[in-house]
1. Please work out which one of (1) more than 18 Å from V46 (Cα to Cα); (2) surrounded by 15 or more Cβ atoms within 10 Å (Cβ to Cβ); (3) at pLDDT 80 or above is the condition A145 fails and give its number.
2. What residue, among those in segment 80-131 that are modelled with pLDDT of 85 or more and of a type in the set (K, R), is most open to solvent (accessible area, probe 1.4 Å)?
3. Looking at (1) within 19 Å of Q126 (Cβ to Cβ); (2) at pLDDT 90 or above; (3) open to solvent by 30 Å² or more (accessible area, probe 1.4 Å); (4) hydrophobic (A, V, I, L, M, F, W, C), which is the one condition that is false for V46?
Amino acid sequence: MTELLNQGERLSGVSGTDWSVDPILAEEEFDRWVNSVDRVVKVKFVFKRPNPDKADDLEILSDRLDALNAEYIAEEVKAKDSRIGLDKDGLNNDTEFRKLKSAAVRSWAFITAFGYLNNKKIRFSQNSAVARETAHSVGPTWQDAQMATLEAARRGRSERLP
């Protein structure tokens, strides 16, 4: 989808947007995964510039990208003892964790995590636990397709945001 949108943008002759389409985190799936495993041993977030717009509550992360002239910011939280794992309540109450999880719900961050269930390593990936939205008709022109895609993404996001 990313390549298709960028190719259409180039062909339109009015290129100005560098499209990036990423999976939207289904927050309840991540929370369910955390609660389903015996212990969580690692969570990794990758935050990148919001596309096509940003939210005020994530401005500090966008500003940090600008200040560092960075493509993305990655944060990894790893348990000091994998036999015990991370404090699940601590994860849910950590301000930065909540902020990054909120960004992932909006498709502005990506989450992967590892945990154990019955001593078997289990992986969570936002790619496999995604919220999906469909644009049923994208119209005959590139501009129509662009608007239909944005509308579908916004519709899906608004249905999942509190």
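The values are calculated or read from the model by the stated rules, or taken from the named source; none is laboratory data. Source: prediction; values computed, not measured. Glycine also receives a Cβ, built like all others from the backbone with ideal geometry; neighbour counts cover every protein chain displayed. Note: accessible area is taken over every heavy atom of the protein model, side chains too, but ligands, DNA and RNA are not part of it. Shrake-Rupley method; radii C 1.70, N 1.55, O 1.52, S 1.80 Å.
1. All conditions pass for A145, except number (3).
2. K80
3. Evaluating V46 over (1) within 19 Å of Q126 (Cβ to Cβ); (2) at pLDDT 90 or above; (3) open to solvent by 30 Å² or more (accessible area, probe 1.4 Å); (4) hydrophobic (A, V, I, L, M, F, W, C) leaves (2) as the failure.
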